[in-house]
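Worksheet: the structure to be examined is printed underneath.
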Amino acid sequence: MKTRVVFNQKGGVGKSTIACNLAAIGASQGLRTLVIDLDVQGNSTSYLLGGQPDEKTPTIADFFDKTLSFSLRPAPVLDFAVQTPFDHLHLIAASPRLDELQAKLEARHKIYKLREAIQELGKTYERIYIDTPPALNFYTRSALIAATDCLIPFDCDAFSRAALYTLLDNVREIQADHNPGLTVEGIVINQFQSRANLPQRVVTELIDEGLPVLQPYLPASVKVRESHEQARPMIHLDGGHRLTQAFIELHAALG
């Protein structure tokens, strides 16, 4: 079982798009797949459910809330996963309540609870993807401590590059202190414009520095906006599109 955390402290780099599309491809190939949405914005939740969950839908906030109350019979973590419209693909949805719970969880030292939950979830799912907030907060640290692998979306601008080195340092600290088995699986080049000089130069420089840049690069496309609007990952929207094919190749390369 692989648990991939999709992490970047910079917003707008495509974390939710990458997590959901890789998950959807694996599920379409028959892999039992789960997405955990830890971002209070809930972009992965909207993408896979077609909107925010109703009050009856269990969320990741409900799971964390349960960890704050002592119980001899804690609720099974599988109770918080819901079926998406896509076969073999489940979701533990985000919630606005994540913000209000964060301070309580930190104060009660619940940083390892997600790892314990994922060890249990690994008995059911073959692939787990964790979408994280654009910040190194309690939830992101929990995900990095819980994961086997880390994918880093990168969108080829100067701000992303400056943030990348800090991000890698933060991941190394988590590895050293909490999760020596965590692997930086690679940097996913997103919204790549092959005819523009700057993206080509930046990617070449990252490779020359010995950083784990993954191939293929995900091309820039307006089609992804349609995918978001229709709440249908690319494999279900347009299987032949060049962006879909790039996701399929990336999924195959990751294994």
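The values are calculated or read from the model by the stated rules, or taken from the named source; none is laboratory data. All figures in this text were calculated on a predicted structure; none of them were measured in a lab. Cβ placement follows ideal geometry from the backbone for every residue including glycine, while neighbour counts extend to all protein chains displayed.
Whether any residue in segment 81-89 is closer than 22 Å to Thr148 by Cα and over 19 Å from the mean Cα position of the chain (by Cα) is what I want to check. No, that holds for no residue.
Scanning segment 229-241 for residues that are out of contact with any Lys or Arg (no Cβ under 8 Å at 6 or more places or on another chain), buried (at least 17 other Cβ atoms within 10 Å of the Cβ) and assigned to a helix (DSSP H, G or I) yields Ile235, His236.
Return a yes/no flag: does segment 65-79 have any residue that is assigned to a loop (DSSP other than H, G, I, E, B) and modelled with pLDDT of 95 or more. So far as segment 65-79 goes, no, none of its residues is assigned to a loop (DSSP other than H, G, I, E, B) and modelled with pLDDT of 95 or more. In segment 167-190, is there at least one residue being over 29 Å from Ala117 (Cβ atoms) and surrounded by 15 or more Cβ atoms within 10 Å (Cβ to Cβ)? Yes, there is a match, as at least one residue in segment 167-190 is over 29 Å from Ala117 (Cβ atoms) and surrounded by 15 or more Cβ atoms within 10 Å (Cβ to Cβ). Taking (1) under 18 Å from Pro133 (Cα atoms); (2) touching a strand residue (DSSP E or B) at 6+ places or on another chain (Cβ under 6 Å); (3) assigned to a helix (DSSP H, G or I) in turn, Ile174 satisfies each apart from (2).
Can you tell me how many residues within segment 90-104 are over 29 Å from Ala27 (Cα atoms), within 21 Å of the chain's Cα centre (by Cα) and not polar (S, T, N, Q)?
Start the filter on segment 90-104 by keeping residues that are over 29 Å from Ala27 (Cα atoms), which leaves 99-104.
Then drop every residue that is not within 21 Å of the chain's Cα centre (by Cα), which leaves 99, 101-102.
So of that shortlist, the ones also not polar (S, T, N, Q) come out as 99, 101.
Residues meeting the conditions: 2.
Take the conditions (1) at pLDDT 95 or above; (2) in a helix (DSSP H, G or I); (3) of a type in the set (S, T, N, Q); Gln215 misses just one of them, which is (2).
Looking at Lys2, Lys15, Lys10, Lys56, which one is within 14 Å of Ile128 (Cβ to Cβ) and either out of contact with any helix residue (DSSP H, G or I) (no Cβ under 7 Å at 6 or more places or on another chain) or at pLDDT below 95 (or both)? Break it down stepwise before answering.
Details: Lys15 fails: within 14 Å of Ile128 (Cβ to Cβ); Lys10 fails: within 14 Å of Ile128 (Cβ to Cβ); Lys56 fails: within 14 Å of Ile128 (Cβ to Cβ).
Matching residue, one of Lys2, Lys15, Lys10, Lys56: Lys2.
Apart from one condition, Pro180 fits all of (1) of a type outside the set (D, E, K, R); (2) out of contact with any helix residue (DSSP H, G or I) (no Cβ under 9 Å at 6 or more places or on another chain); (3) at pLDDT below 95; the exception is (3).
In segment 144-166, is there at least one residue being within 30 Å of Glu120 (Cβ to Cβ) and either assigned to a loop (DSSP other than H, G, I, E, B) or polar (S, T, N, Q) (or both)?
Going residue by residue through segment 144-166, those that are within 30 Å of Glu120 (Cβ to Cβ) are 144-153.
Pick out the ones that are also either assigned to a loop (DSSP other than H, G, I, E, B) or polar (S, T, N, Q) (or both) and you get 147-148.
The answer is yes; a qualifying residue exists.
When Phe159 is tested against (1) hydrophobic (A, V, I, L, M, F, W, C); (2) within 23 Å of Gly181 (Cα to Cα); (3) in contact (Cβ under 8 Å) with a residue 60 or more places away in the chain, exactly one condition is not met: (2). Against the conditions (1) at pLDDT 95 or above; (2) hydrophobic (A, V, I, L, M, F, W, C); (3) buried (at least 17 other Cβ atoms within 10 Å of the Cβ); (4) over 21 Å from the mean Cα position of the chain (by Cα), Val202 satisfies every one except (1).
When you look at Ile145, is it modelled with pLDDT of 95 or more, under 15 Å from the mean Cα position of the chain (by Cα) and either surrounded by fewer than 23 Cβ atoms within 10 Å (Cβ to Cβ) or of a type in the set (A, V, I, L, M, F, W, C) (or both), yes or no? Step through it out loud before you land on a result.
Working: modelled with pLDDT of 95 or more: yes; under 15 Å from the mean Cα position of the chain (by Cα): yes; either surrounded by fewer than 23 Cβ atoms within 10 Å (Cβ to Cβ) or of a type in the set (A, V, I, L, M, F, W, C) (or both): yes.
Against the criterion (modelled with pLDDT of 95 or more, under 15 Å from the mean Cα position of the chain (by Cα) and either surrounded by fewer than 23 Cβ atoms within 10 Å (Cβ to Cβ) or of a type in the set (A, V, I, L, M, F, W, C) (or both)), Ile145 qualifies.
Just one of the listed residues (Leu105, Leu136) is under 21 Å from Asp62 (Cα atoms), surrounded by 15 or more Cβ atoms within 10 Å (Cβ to Cβ) and of a type outside the set (Gly, Ala, Ser), and it is Leu105. Checking every residue in segment 99-109 against the condition of being in a loop (DSSP other than H, G, I, E, B), over 19 Å from Asn137 (Cβ atoms) and either modelled with pLDDT under 95 or not charged (D, E, K, R) (or both) gives zero matches. Would it be correct to say that Thr124 is β-branched (Val, Ile, Thr) and either without any contact (Cβ under 8 Å) to a residue 24 or more places away in the chain or assigned to a loop (DSSP other than H, G, I, E, B) (or both)? Yes: the conditions hold for Thr124.
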